[in-house]
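Presented below is the structure to which this report refers.
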Amino acid sequence: MKKIVLVVLVIALLSLGGMTLAQDGPFRVAIVMPSSTTDISWSQSIYQGLLDVQEAMGGESAMEIAFTEGMFDVAAAAETLRGYAEDGYDLIIAHGTQYGTSLFDIAPDFPDTSFAWGTATDTGAEQGLSNIFAYEASAEEGGYVNGVMAALMTKNNIIGVVGPVQAGDALLYINGFIQGVKATNPDAELLVAYTGSFSDVAAGTDVANTHIAAGADVLTGTSQMVVGAIEAIQTEGGYWFGTQFDQSPQWPDAVVASQVYNWAPTLADMITRIQSGELGGVAYTLTLENEGQTFVFGNVAIPANVLAAAGEAAAGILSGDIEVARELPQ
């Protein structure tokens, strides 16, 4: 398995506009997502990446995008993935680790079709498969930077975390956030709770309100279930730190910063490889270094010392002076 970081993949994205398609008609991409293309989170981030690549390639005449959203039922998702393969799509993306078992059952039946899934690193090489790409985000890096800022922005010295499921990039982000808080403000109290669901908005809202009632004036969280949590902390006049997608336009009075995923270079490189006959076998990772993870700041006034600390934290991660663990010590 080859693991790729995206330092040079922006070149692939920029060159797509002049790429000669190795087939009749547009390059066809299909994606199955657990939530909507407007979830301001996990699914919207990759859908936006597809739109960016489509535009770079020259529009719908060069690249066709089909999507199925809200696929919480894994069995139904498997049927949809197989249907896209039977319809002859060039690249089929299963955007969620819950679809992995289904994908590995389907891929051998369509050896001339490329598949991708994330967040994951397994490309199926050990099973003899050569038509699967994998992708993940080192979300702990941006989580650490957000944690540094949160630790300096809290006035009550109480910070709440609204977690979905302890898995994938969600867990990585929260682990990084906790490390950033502790390294910056060891006296801050961290309230951490998981809902057990990526999509249960009501549960996320309940967790947020519980944290707020306990005195938290700064919250963070991840996945599509956090929309109610952000609304809750904005109503209370507190702060939110986000991840996966820019959440500041919807909650301008609460969102201080969002770690944003940029999937476009990853997708562009997959397409380039597929058109050259390489149908899989590569695992990609988004990082701060390759700008697969970037920061967007909202309208909240951020003190100069907080911005400076965030910059120092990011620089420390890039230089290797700060090592952010993917797992918290037991």
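Annotations for the structure displayed:
- Alpha carbon centroid spacing (whole Å) that separates segment 186-262 from segment 70-144: 29 Å
- Summed side-chain charge close to E231 - residues other than E231 whose Cβ falls under 13 Å, Lys, Arg +1, Asp, Glu -1: -3
- For the options F297, F245, F177, a Gaussian network treatment of the chain with springs between C-alpha atoms closer than 10 Å singles out F297 as fluctuating the most.
- All other residues whose Cβ lies under 11 angstrom from that of T97 are scored, Lys and Arg at +1 and Asp and Glu at -1, for a net of -3.
- Most fluctuating residue given options S35, S61, S43, as computed from a GNM of the chain linking Cα atoms under 10 Å: S61
- Segment N156-S36, length gained on full extension (0.36 nm per residue, minus Cα span): 39.7 nm
- Stokes-Einstein D for segment 279-330, Kirkwood Rh over Cα pairs, 10 °C, 1.306 mPa s (µm²/s): 116 µm²/s
- Projecting label points 7 angstrom from Cα along Cα→Cβ for D105 and S276 puts them 3.5 nm apart.
- The order of the peptides 217-227, 90-100 by mean Cβ neighbours within 10 Å, most packed first, is 217-227, 90-100.
- Taking every full run of DSSP H in the chain, the ones that stretch at least 20 Å from end to end by Cα along their long axis and average 0.0 or higher on the Kyte-Doolittle scale are 139-153, 168-184, 304-319.
- Dipole of the chain [Lys/Arg +1, Asp/Glu -1 at C-beta], most positive-end residue of M149, T210, T80: M149
- Listed peptides 305-313, 112-120 by packing density, highest first (mean Cβ within 10 Å): 112-120, 305-313
Just so you know, all these numbers are worked out from the coordinates, no wet-lab data involved. Fair warning: this is a prediction, and the values are worked out from it, not measured in the lab. With ideal geometry, Cβ positions are generated from the backbone for all residues, glycine too; neighbour counts draw on all protein chains shown.
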